[in-house]
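Here the structure is laid out as structure tokens; the discussion comes afterwards.
The values are calculated or read from the model by the stated rules, or taken from the named source; none is laboratory data. All values reported here derive from a predicted model rather than from experimental measurement. Glycine also receives a Cβ, built like all others from the backbone with ideal geometry; neighbour counts cover every protein chain displayed.
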């Protein structure tokens with residue numbers, strides 16, 4: 001289930017040789033078994049099928065479901081924030097930069113009341129003096145129904161409620177900060193939310209395996225280090241950061257779109273006129289937003305490209321990392337990796353290699369039709385039938 005397609009770039013900018021350090025990373029066997037079993041459930045006992053696949057009018061990706069990439073509100077007690085600027089100098093380092101990203105896509109709905117979706121992950125590796133390397137995991141197709149969604153959710157719960165994770169969370173927080181039980185998933189989500197849950201499960205697994213099999217590395221994540229929801233329990237993220245810390249890895253999490261404000265101003269706007277590369281360090285913010293929401297990373301605003309018109313991003317760095325070491329880690333990042341437009345190239349490539357293209361969706365549909373005799377049909381557009389050119393909403397054809 002691990003593939004590295006042959007890729008011949010048009011230029012010599014990228015080089016993707018094999019990645020031996022991460023090829024031994026294994027996915028949970030149950031995840032693969034669930035994928036195969038859920039797809040086989042579309043067939044009856046005779047080996048034939050009456051399952052029809054209705055193509056969606058609007059393809060939903062993980063980014064469509066979570067456009068802000070963030071679960072935290074504006075800071076409380078905004079007047080106590082004390083931002084200050086830190087100038088950065090690129091420092092090349094022999095330590096590798098590793099980026100991880102996972103995407104999901106809805107393939108369609110079935111006449112059995114379920115949805116077909118696919119998951120895929122990508123890990124991109126960059127080290128001084130070498131080109132970019134990558135490994136893909138997947139795609140993993142799933143047929144999710146009301147009958148089997150509980151089994152899939154239990155897999156997530158088993159992953160997030162491990163006793164070792166509980167101990168890791170206790171070591172990551174002061175005793176005065178109690179971990180709310182609301183941070184743990186207690187029931188299966190609706191089919192609308194199951195795609196997000198499955199994507200998070202695969203993403204956390206890849207992140208955990210990467211931090212456990214590497215050392216002295218910069219590990220880049222897509223999103224923030226905020227935890228406390230059913231999709232990202234505090235214990236899961238805390239254990240991930242503790243594993244990385246024990247292996248001398250530094251976790252840097254980039255958020256492309258943030259709703260965080262300081263004194264009514266967006267954090268990314270506070271750094272626009274500052275010469276780059278630089279960081280805007282935020283002091284005085286609370287460790288939690290709600291009783292169950294925790295900030296597990298120190299929050300910065302990063303403007304990493306020397307171009308004065310480059311983009312600024314929210315950057316979370318593991319709270320267990322001393323401030324001086326955190327700043328040095330960012331300097332190693334801009335010294336080892338390209339930061340065109342202010343965004344790390346490894347993380348950009350991880351997104352590209354995990355995202356599904358239109359041709360790949362057609363290929364998955366074709367595979368399911370041939371291997372499992374699923375009929376691909378176009379579901380009648382009720383809104384278009386009723387309202388004609390005045391139809392609006394997700395069922396409207398583009």
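Per-structure values
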{"read-out": "The listed residue being buried (at least 22 other Cβ atoms within 10 Å of the Cβ) and assigned to a helix (DSSP H, G or I), out of 315, 333, 386", "value": "333"}
{"read-out": "The stretch 253-277, subset closer than 23 Å to residue 348 by Cα and assigned to a strand (DSSP E or B), residue modelled with the lowest pLDDT", "value": "255"}
{"read-out": "Restricting the stretch 233-252 to residues that are in contact with a helix residue (DSSP H, G or I) (Cβ under 8 Å, 6 or more places away or on another chain) and assigned to a loop (DSSP other than H, G, I, E, B), the residue that is nearest to residue 96 (Cα to Cα)", "value": "249"}
{"read-out": "Residue in the stretch 156-174 that is modelled with pLDDT of 85 or more and surrounded by fewer than 20 Cβ atoms within 10 Å (Cβ to Cβ) present", "value": "no"}
{"read-out": "Residue identified as over 27 Å from residue 137 (Cα atoms) and out of contact with any helix residue (DSSP H, G or I) (no Cβ under 9 Å at 6 or more places or on another chain) among 329, 350", "value": "329"}
{"read-out": "Every residue from the stretch 353-368 that is assigned to a helix (DSSP H, G or I) and loosely packed, with under 14 Cβ neighbours inside 10 Å", "value": "358, 359, 362, 363, 366"}
{"read-out": "Single unsatisfied condition, residue 225 versus (1) modelled with pLDDT of 90 or more; (2) surrounded by 22 or more Cβ atoms within 10 Å (Cβ to Cβ); (3) within 17 Å of residue 311 (Cα to Cα)", "value": "(3)"}
